[in-house]
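Encoded as structure tokens, the structure appears first; notes follow it.
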Amino acid sequence: MPAFDLLNKLEDLLIAVQKEKLHPGEETYVKHLIYLIEGELEQIKAKHHLTSYNAKIFSERISKSFFWVNRDIFNNEDSELERSISEIDYQYWLLVYLLTHFNELYKQQCNLFEIIDRFIDFHKERSLTFADIAITASGATRCKTNLRFAISSLKEMGLVKLYEKEEKEKSWMLTYLGFFTAASICIKPDPRRNDPMFSGISDFHVSRVFKLDHWLLERMIKLGDHEFFKHILDVVSEDVLDFKELHKGHEIFAEYTAFVRELGARKIDKPKQVREFDELKEFLAMLESEKRLNEYMTELSDKFNSDAFVERLLKQ
């Protein structure tokens, strides 16, 4: 398609979509024009080896980010800033999002893909850049892929359990461990990421233990301290029912983190003999069997008011 023909097609498209509603014939014509235009754009990208981007995820921040650059002061050259948010970086912010949007996500029984789309919509103006919406060689959008990996890792580490429509029993987005870890972040955040409810995702790559953000594990270790857990519980307790397992929370966190530390030590000492995620899965099943934490989450899921929780924190 010659350049002037492409411009004509674009003009025809803009004229055609001025109406509020298209009748079937007009709709077919518009789809035809879009197909021709997109086909020409694909040829341009192929010719110049240009990356494709998911334009369905649009924000002013993403649009402006194409012009953000890394400057090499020695070679006097500029290059596009192409660092995307990693799967480990997402974990901290995902936990907070799942807690602060708990009621809306739980009541609507959102699946994995719906949660990811809502999280992206929440953060596209706060955090995302063009690097995050790039289409990878597999045809997936990079931020969606990294978010799926992040949620999968949180699930493997026992902090998240997603709703599955085929399951007959109830399923929650946050486990007992995930709920109190997320609540503690909102109440006592990482100083480097000190506004987790409303700020953008910080521009640094965190270290990890197994598949978990190292700071999150350190926070879970801290929740094993009786006084610290009690402080978090005092803030949360206005939004939950009295429950027999509440006062044992620090013991549950202490037991979990002791197991992870011991597992990590064995992994370093004899890496070929340790099946870390199989062992972790077995441990979490045992912890659930002994502590019956799902019973608590059933009660909490029906009673917790995430909007009231956020509003109360904002007033402090």
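The values are calculated or read from the model by the stated rules, or taken from the named source; none is laboratory data. What you are looking at is a predicted structure, and each value in this text was computed from that prediction instead of being measured. Glycine also receives a Cβ, built like all others from the backbone with ideal geometry; neighbour counts cover every protein chain displayed.
Taking into account only those residues within segment 161-211 that are among the acidic types (Asp, Glu) and either modelled with pLDDT of 90 or more or surrounded by 15 or more Cβ atoms within 10 Å (Cβ to Cβ) (or both), which is nearest to Glu114 (Cα to Cα)?
Taking segment 161-211 first, the residues among the acidic types (Asp, Glu) are 164, 166-167, 169, 190, 195, 203.
In the following step, the residues that additionally are either modelled with pLDDT of 90 or more or surrounded by 15 or more Cβ atoms within 10 Å (Cβ to Cβ) (or both) were identified as 190, 195.
On the way: Asp190: 27, Asp195: 24 Å.
It comes out as Asp195.
Scan segment 37-54 for residues that are loosely packed, with under 15 Cβ neighbours inside 10 Å and free of Cβ contacts under 8 Å to residues at least 60 places away in the same chain and jot them down.
Step one: list which residues in segment 37-54 are loosely packed, with under 15 Cβ neighbours inside 10 Å, which gives 38-39, 41-51.
The answer is Glu38, Gly39, Leu41, Glu42, Gln43, Ile44, Lys45, Ala46, Lys47, His48, His49, Leu50.
Which members of segment 171-215 meet the condition of being more than 24 Å from Gly249 (Cβ to Cβ), touching a residue at least 60 places away in the same chain (Cβ under 8 Å) and not in a loop (DSSP other than H, G, I, E, B)?
Within segment 171-215, just Arg208 meets the criteria.
Pairs needed: first member in segment 274-296, part of a loop (DSSP other than H, G, I, E, B); second member anywhere, modelled with pLDDT under 90 and not β-branched (Val, Ile, Thr); C-beta distance under 8 Å; at least 6 residues apart or different chains.
Listed by first residue and then by second, the contacts come to Val274/Leu263; Val274/Arg266; Val274/Lys267; Arg292/Glu245.
Would you confirm whether any residue within segment 216-229 is at pLDDT below 90 and under 30 Å from Ala134 (Cβ atoms)?
no
Answer yes or no as to whether Phe102 is at pLDDT below 95 and in contact with a helix residue (DSSP H, G or I) (Cβ under 9 Å, 6 or more places away or on another chain). Show your work before the answer.
Values: at pLDDT below 95: yes; in contact with a helix residue (DSSP H, G or I) (Cβ under 9 Å, 6 or more places away or on another chain): yes.
Judged against the criteria, Phe102 is a match.
For segment 234-247, what are the residues that are in contact with a helix residue (DSSP H, G or I) (Cβ under 6 Å, 6 or more places away or on another chain), at pLDDT 65 or above and more than 13 Å from Lys303 (Cβ to Cβ)?
Val235
May I ask you to list the residues in segment 81-95 that are of a type in the set (Val, Ile, Thr) and either modelled with pLDDT under 90 or surrounded by 22 or more Cβ atoms within 10 Å (Cβ to Cβ) (or both)? Walk me through how you get there before you give the answer.
So the first thing to find is which residues in segment 81-95 are of a type in the set (Val, Ile, Thr), and the list is 85, 88.
Hit for segment 81-95 is Ile85, nothing else.
Tell me whether segment 7-28 contains one or more residues that are within 19 Å of Ala140 (Cα to Cα), assigned to a helix (DSSP H, G or I) and not hydroxyl-bearing (Ser, Thr, Tyr).
Residues of segment 7-28 within 19 Å of Ala140 (Cα to Cα): none.
No: segment 7-28 contains no residue that is within 19 Å of Ala140 (Cα to Cα), assigned to a helix (DSSP H, G or I) and not hydroxyl-bearing (Ser, Thr, Tyr).
Listed residues Arg118, Arg148, Arg142, Arg126; which is touching a strand residue (DSSP E or B) at 6+ places or on another chain (Cβ under 6 Å), at pLDDT 90 or above, charged (D, E, K, R) and assigned by TED's automatic domain parsing to the domain that holds Phe283? Show your work before the answer.
Working: Arg118 fails: touching a strand residue (DSSP E or B) at 6+ places or on another chain (Cβ under 6 Å); Arg148 fails: touching a strand residue (DSSP E or B) at 6+ places or on another chain (Cβ under 6 Å); Arg126 fails: touching a strand residue (DSSP E or B) at 6+ places or on another chain (Cβ under 6 Å).
Only one candidate passes the filter, namely Arg142.
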